[in-house]
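One structure below.
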Amino acid sequence: MANEVVLGFFKDEAAADSAVEALKAWDKLDDDVKLSAIGILTLDEKGKVKTQKLGSRSVTKGAGIGLLLALAVGPLGLGTVIAGGVVGALRHKGLGLSAEDRGRIGTNLTNGQAAVGVLARTDEASMVAAKLAELGGVTESHEIAPEVEAEIVAAAPEVEAEIVAAEAASEPEAPAQA
């Protein structure tokens with residue numbers, strides 16, 4: 001079954017966080033919806049893309065949503081998501097979004113705004129978009145080409161390993177005990 005990335009743009013990261021919590025609660029209450037890959041996309045103070053994985057802890061889906069969100073924005077800082085070349089080919093393919101789409105998405109992240117991204121089955125995408133709109137988001141959906149999704153799933157374990165390594169390298173060392 002085909003999947004889509006559903007984006008909901010919110011006024012700030014706190015509103016996006018609240019929307020994610022509401023989505024998780026909705027997912028638990030409604031057996032018709034099963035959300036497993038949710039992320040928040042923001043820009044840091046240098047204008048680089050930051051993604052925060054939420055939802056499923058599945059390596060494949062967790063790393064996948066981060067990649068999908070970063071690919072949706074395009075060259076606005078993919079290196080902050082992953083430093084290696086594992087997504088080089090995907091970067092050129094993107095999600096099949098036009099430059100105009102990527103530019104609009106990037107513009108929607110300025111001034112502290114944030115996006116909630118949800119990987120949803122095509123038959124659930126309109127329900128997810130409606131829920132994000134109900135929660136105060138301005139929504140849009142983008143179908144993912146099956147071949148791009150397959151490449152992301154295949155690359156996800158390597159991406160996850162690079163993210164873990166980068167996070168470990170950025171953590172300060174604990175002081176030595178005497």
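Within the group E147, E167, which residue is part of a helix (DSSP H, G or I), on the phi < 0 side of the Ramachandran plot, more than 17 Å from the chain's Cα centre (by Cα) and modelled with pLDDT under 70?
Going through E147, E167 in turn, just one is part of a helix (DSSP H, G or I), on the phi < 0 side of the Ramachandran plot, more than 17 Å from the chain's Cα centre (by Cα) and modelled with pLDDT under 70: E167.
Take V118 and decide whether it is among the aliphatic types (A, V, I, L, M), surrounded by 15 or more Cβ atoms within 10 Å (Cβ to Cβ), modelled with pLDDT under 65 and within 16 Å of the chain's Cα centre (by Cα).
It is false that V118 is among the aliphatic types (A, V, I, L, M), surrounded by 15 or more Cβ atoms within 10 Å (Cβ to Cβ), modelled with pLDDT under 65 and within 16 Å of the chain's Cα centre (by Cα).
Please identify the pairs in which a residue from the stretch 23-41 that is free of Cβ contacts under 8 Å to residues at least 60 places away in the same chain has its Cβ atom under 9 Å from the Cβ atom of a residue that is polar (S, T, N, Q), counting only partners at least 6 apart or on another chain.
D27/S36
Of the residues in the stretch 128-157, how many are closer than 20 Å to K24 by Cβ and crowded, with 16+ Cβ neighbours inside 10 Å?
8
Filter the stretch 22-43 down to residues that are among the basic types (K, R) and at pLDDT 85 or above and give me whichever is farthest from E4 (Cα to Cα).
Looking at residues that are among the basic types (K, R) and at pLDDT 85 or above, I get K28.
Take the residues in the stretch 112-139 that are of a type in the set (D, E) and in contact (Cβ under 8 Å) with a residue 24 or more places away in the chain; name whichever of them is nearest to A14 (Cα to Cα).
The extreme case among them is E124.
With the checklist (1) of a type in the set (V, I, T); (2) at pLDDT 80 or above; (3) more than 23 Å from A16 (Cα to Cα) in hand, flag the one item V86 doesn't pass.
Result: V86 fails condition (2) only.
Residues in the stretch 123-141 that are among the acidic types (D, E) and under 21 Å from D101 (Cβ atoms): how many?
Total satisfying the criteria: 1.
The values are calculated or read from the model by the stated rules, or taken from the named source; none is laboratory data. Quick caveat, the model's predicted, so the values are computed rather than measured. Every residue, glycine among them, receives a Cβ derived from its backbone with ideal geometry; neighbour counts consider all protein chains shown.
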